[in-house]
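Below: one structure, written as structure tokens.
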Amino acid sequence: MPGAPRPGSIVRMPPTDLLRVRDLVPDFLACAGRGAPQLPASRYPAGHPDVARALRRDGDWSDAARVAAVLDGFRDRAADLAARAETVRVALPHGVAAVSGALGWSGDGGPVECVVLVGLNQANGWASELNGRYALFLAVEQLGPPEDLDLLVRHEAAHVVHDRRAAIRDWPEYGVANALFTEGLATQVTAELDAGRPDEAYLWFGRPGHRPWLDECRRRWPEILRRVRADLDATDAEHHAPYFLMRDSPLAGDLPKRCGYLVGLTAVRRLRRHHTLRDLAAWPLPRVRSEMAAALTDLPPPP
């Protein structure tokens, strides 16, 4: 696994004050054991009320019956889920330390909160507000192979560290300009920390089969760029969805889904020519908007 210690090697461990890991997988396994008298949803993750509130706020955990049905389907994967959680715990300290160094964060304000959990078989990882600041969530049932885990950890950790530098949790949730910047910056951080992979690996966390997607984005670049520039000041969910979500959107037409990630990465790379990652991570929202508008002017397609 990139970034993790090799067996028998001597490594310098990352500072422990950068990271706090909350592993909810053992709680799930205890609830889902064959002798458990109740469905997992009745007790998991109720032992962590702040996490439960955050999950419900994100919307996917509001239907108790559906949550119970999905989680109950993981009962027979106990050994696999426990092994995946262990792999994540090994990868997290090194990934968070690498991102913190790249973005110039030394741990001010307390450690990064990382929640390892069994999710609802949807997202593999995300950054979301928890107790007043961004936290990193990793759903073990959705994780890819270990050799690609660092891509996901570093990308989502970059959002959390970026929040420590610029309070991005206060930016418009569906702002097109700031989403282009935050996703582009997180992807560029990952690319610089694990150089040598093709762009589709950084944009899809190593998942295979996305070279045709990248080729289509390049082929349709003028159209994509024209639409992004027209929607740059939008802050509503309908205009945000075509560029950043996988679901169908009335405004998307047949645009390649998630094409905003590639646009954001390409724009941030243009900005990166004149600014360090640390500088970019500290920009306030007004500067992000103005710099992104300038960067998108006559932006050439990615090579």
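Of note:
- Packing rank of 132-138, 205-211, 82-88, 68-74, where each peptide gets the mean count of other beta carbons within 10 Å, highest leading: 132-138, 82-88, 68-74, 205-211
- The calculated Kirkwood hydrodynamic radius for segment 176-295 is 14.6 Å, given to one decimal from all distinct C-alpha pairs.
- Cα-based Rg and Dmax for the chain, where Dmax is the largest Cα-Cα distance (Å): 19.5, 63
- Couplings 3J(HN,Hα) for segment 200-214, derived from phi with the Karplus relation 6.51 cos²θ - 1.76 cosθ + 1.60 (θ = phi - 60°), are 5, 5, 5, 7, 10, 6, x, 5, x, x, 10, 5, x, 4, 5 Hz, where x marks Gly and Pro.
- Between the beta carbons of L251 and A167, assuming R0 = 30 Å, the FRET efficiency works out to 0.55 to the nearest 0.05.
- Size descriptors for segment 18-170 (Cα atoms only): Rg and Dmax, in that order, 15.3, 49 Å.
- Highest mean first, the peptides 227-239, 186-198 sorted by other C-beta atoms within 10 Å per residue fall in the order 186-198, 227-239.
- In this structure the amide hydrogen of L130, modeled in the peptide plane, comes within under 5 Å of the amide hydrogens of A135, none closer than 5 places in sequence on its chain.
- Here the spin labels are modelled as points 7 Å beyond Cα on the Cα-Cβ line, and at E223 and A30 they lie 5.4 nm apart.
- 3J(HN,Hα) from dihedral phi, segment 124-133, Karplus parametrisation 6.51/-1.76/1.60, rounded to Hz, x for glycine, proline: 8, x, 6, 10, 8, 5, 8, 6, x, 8
- Sites D279 and D17, calculated FRET efficiency, Cβ-Cβ separation with R0 30 Å, nearest 0.05: 0.80
- For segment 45-54, backbone phi angles converted through the Karplus equation (6.51, -1.76, 1.60; θ = phi - 60°) give residue-by-residue couplings of x, 4, x, 10, x, 5, 5, 4, 5, 5 Hz, Gly and Pro being listed as x.
- Cα gyration tensor, segment 101-158 - rounded (a/c under 1.5), prolate or oblate: oblate
- Under 5 Å from the amide H of L19 lie the amide H atoms of V112, each residue being 5 or more positions distant or on a separate chain, with H modelled from the backbone and absent for Pro and chain starts.
- From most to least packed by mean Cβ count within 10 Å, the peptides 253-259, 267-273, 47-53 give 267-273, 253-259, 47-53.
- Between segment 82-125 and segment 212-236, the alpha-carbon center distance in angstrom: 31 Å
- Using a Förster distance of 22 Å, the FRET efficiency for A83-H48 (Cβ separation, nearest 0.05): 0.50
Taken together, the values in this text are just the output of simple stated rules run on the coordinates, not laboratory data. Everything quoted here is computed from the prediction, not taken from an experiment. All Cβ positions, even for glycine, are placed from backbone atoms using ideal geometry, and neighbour counts span all protein chains on display.
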